[in-house]
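Just below is one structure, and these are the notes that go with it.
The values are calculated or read from the model by the stated rules, or taken from the named source; none is laboratory data. Every value quoted in this text rests on a predicted model; they were computed, and no experiment measured them. With ideal geometry, Cβ positions are generated from the backbone for all residues, glycine too; neighbour counts draw on all protein chains shown.
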Amino acid sequence: MKIGILQTGMAPDKMAAQTGEYPEMFERLLAGHGLGFQTYNVLAGEAPTDPNAADGWLITGSKYGAYEDHAWIAPLENLIRKIYAAQTPLVGVCFGHQIIAQALGGKVEKFKNGWRIGPTAYQMKGHDDPIVLNAWHQDQVVELPEDAVVVGSNDFCEYAMLTYGDKVFTIQAHPEYSDDFIEGLIQHRAKGVVPEDLQKDAKAQMGQPLHATEMADMFALLLKQPKAEGGST
């Protein structure tokens, strides 16, 4: 089973040699689930046009805003709409979460209350205890597409996890990010961008158990679903 990873961002240069790029991080997260992967560098114009070029799709995070004017945004949105119409499994993470919402009729913007970084608790539908994952974002989905259902949220991020039918799941947090990776982002990307008090708070929260494995299991279960018969393209 081939999963197409749509790469929309790059790890910091000073970290990539050790951590790998975002697609490699997702391959590690999903290891052991019997999935194969092919990366498409969307930033370099490699986005496919055929929603059936893979058995399932995953859109990574990015430092760019879904609402920004980049040449690759519109083709990616077109592909998302094709994937959704074809009812091919699709997962979106952070920027992926946002661009899917935007492509399907929602709205994304820089959140008025600023940034959230580091370990963050979310209340998820069907789970008694909070799900804790690392976050790194200022942008948020602020208006939902018609088909979106909220399945996870907290006081800071109302639309933190969304489903669209049974073939699409998106999440604002980063299950692929370890605490070490957040430390690296604080060192290499936070200065002058993320308020220092938030940086200190993120470091203070590190070390608690994260639910990355549980989220990987959910991703894999969705991605391994058979394609819907009769989906339009």
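Here are some notes:
- If you go through region 63-77 and pick out every residue that is out of contact with any helix residue (DSSP H, G or I) (no Cβ under 6 Å at 6 or more places or on another chain) and either over 14 Å from residue 102 (Cα atoms) or surrounded by 14 or more Cβ atoms within 10 Å (Cβ to Cβ) (or both), you end up with 8.
- Where a residue in region 221-233 is farther than 9 Å from residue 88 by Cα and in a loop (DSSP other than H, G, I, E, B) and its partner, wherever it lies, is modelled with pLDDT of 70 or more and of a type outside the set (Gly, Ala, Ser), with Cβ under 6 Å and at least six apart: 233/51; 233/82
- Residues in region 69-109 that are under 18 Å from residue 228 (Cβ atoms) and part of a loop (DSSP other than H, G, I, E, B) were compared, and the one that is farthest from the chain's Cα centre (by Cα) is 87.
- Test: residue in region 188-195 that is of a type outside the set (D, E, K, R), in contact with a strand residue (DSSP E or B) (Cβ under 9 Å, 6 or more places away or on another chain) and part of a loop (DSSP other than H, G, I, E, B): yes
- All conditions in (1) under 20 Å from residue 9 (Cβ atoms); (2) among the hydrophobic types (A, V, I, L, M, F, W, C); (3) surrounded by fewer than 20 Cβ atoms within 10 Å (Cβ to Cβ) hold for residue 202, with the sole exception of (3).
- Residue match in region 49-62 (condition: more than 19 Å from residue 217 (Cα to Cα), crowded, with 19+ Cβ neighbours inside 10 Å, small (Gly, Ala, Ser) and more than 17 Å from the chain's Cα centre (by Cα)): yes
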